[in-house]
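The values are calculated or read from the model by the stated rules, or taken from the named source; none is laboratory data. Everything numeric in this text was worked out from a predicted model, so none of it was measured. Every residue, glycine among them, receives a Cβ derived from its backbone with ideal geometry; neighbour counts consider all protein chains shown.
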Amino acid sequence: MDTPGLDHVAALSALDDPVRRRLYDHVSRAAEPVGRDEAARHAGIARSLAAYHLDKLAEEGLLTVAYERRSGRSGPGAGRPAKLYARSEREFSAAVPPRDYGLAARLLAEAAAGDESQAAARALRAAAGRLGRAAGRESSAEPDGLPELLAARGYEPYEDGAALRLRNCPFHAAARQHPEVVCEMNLALLRGLLDGRGGDDAEAVLEPAPGRCCVAIRNAGRAGPHTGRAR
């Protein structure tokens, strides 16, 4: 019988190979599913080798596979559909001895969602804001800018005009079950973080959409290396 947590070791160990890690990172950052030719060019390897490693990552559950004709044609003569890869939404973790902090987070979110008085949800938002402000004050002395700070906390930020959008939600499992609780907590956390850094007009707002975190940072282009105020 598999031990919870330890059964993910094989999948995560696939990323120890530097070529596979480059391929996985590229697919993860891509806005759309990635084909073998693009992945090979990015990694600087032959297409056949890229295909081998991409398929191994898919076998381990780290990537998902889909087929699509990108020529825009269909029917006879349209050619074979391209094999495309995207990051899997499945979560992996490994700990010795096994731990399940994700379950604790889901239970806390469920408890807050079930509290008709909303006192638990308010307390959660207040705690998130305090934690965010403390983290923001600590980061104000660091040389890294706001995108680097968000990346270090697992958000995977990317620029979209004047906004920073967040490709990854660090609280995805809990947010999927109770978005009304977890997204507001996440918003309070990031508003606190921006407020703790201080100094400009950057604003954390809720802008949920498929495939990304529910929070976006508006006016992020005006946030300097040590700044970012939430409204």
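Among the residues making up region 38-61, a single one is touching a helix residue (DSSP H, G or I) at 6+ places or on another chain (Cβ under 6 Å) and acidic (D, E): E60.
Residue-by-condition table, conditions (1) surrounded by fewer than 14 Cβ atoms within 10 Å (Cβ to Cβ); (2) in the same structural domain as A175 (by TED's automatic domain parsing); (3) modelled with pLDDT of 95 or more:
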position: L12; (1), (2), (3): yes, no, no
position: A30; (1), (2), (3): no, no, no
position: A51; (1), (2), (3): no, no, yes
position: L62; (1), (2), (3): no, no, no
position: R70; (1), (2), (3): yes, no, no
position: P98; (1), (2), (3): yes, no, no
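Here L164, L193 are screened, and the one residue that is closer than 26 Å to A113 by Cβ, in contact (Cβ under 8 Å) with a residue 12 or more places away in the chain and not assigned by TED's automatic domain parsing to the domain that holds Y24 is L193. A105 versus (1) more than 30 Å from C183 (Cβ to Cβ); (2) surrounded by 13 or more Cβ atoms within 10 Å (Cβ to Cβ); (3) modelled with pLDDT of 85 or more: which is the lone unmet condition? Evaluating A105 over (1) more than 30 Å from C183 (Cβ to Cβ); (2) surrounded by 13 or more Cβ atoms within 10 Å (Cβ to Cβ); (3) modelled with pLDDT of 85 or more leaves (1) as the failure. For the residues G161, G211, the requirement of being within 16 Å of the chain's Cα centre (by Cα), surrounded by fewer than 22 Cβ atoms within 10 Å (Cβ to Cβ) and closer than 23 Å to E32 by Cα singles out G211.
The single condition among (1) among the hydrophobic types (A, V, I, L, M, F, W, C); (2) under 20 Å from the mean Cα position of the chain (by Cα); (3) surrounded by 12 or more Cβ atoms within 10 Å (Cβ to Cβ); (4) at pLDDT 85 or above that A94 does not satisfy is (4). Would it be correct to say that E89 is modelled with pLDDT of 90 or more and either surrounded by fewer than 12 Cβ atoms within 10 Å (Cβ to Cβ) or over 21 Å from the mean Cα position of the chain (by Cα) (or both)? For E89, the condition - modelled with pLDDT of 90 or more and either surrounded by fewer than 12 Cβ atoms within 10 Å (Cβ to Cβ) or over 21 Å from the mean Cα position of the chain (by Cα) (or both) - is not met.
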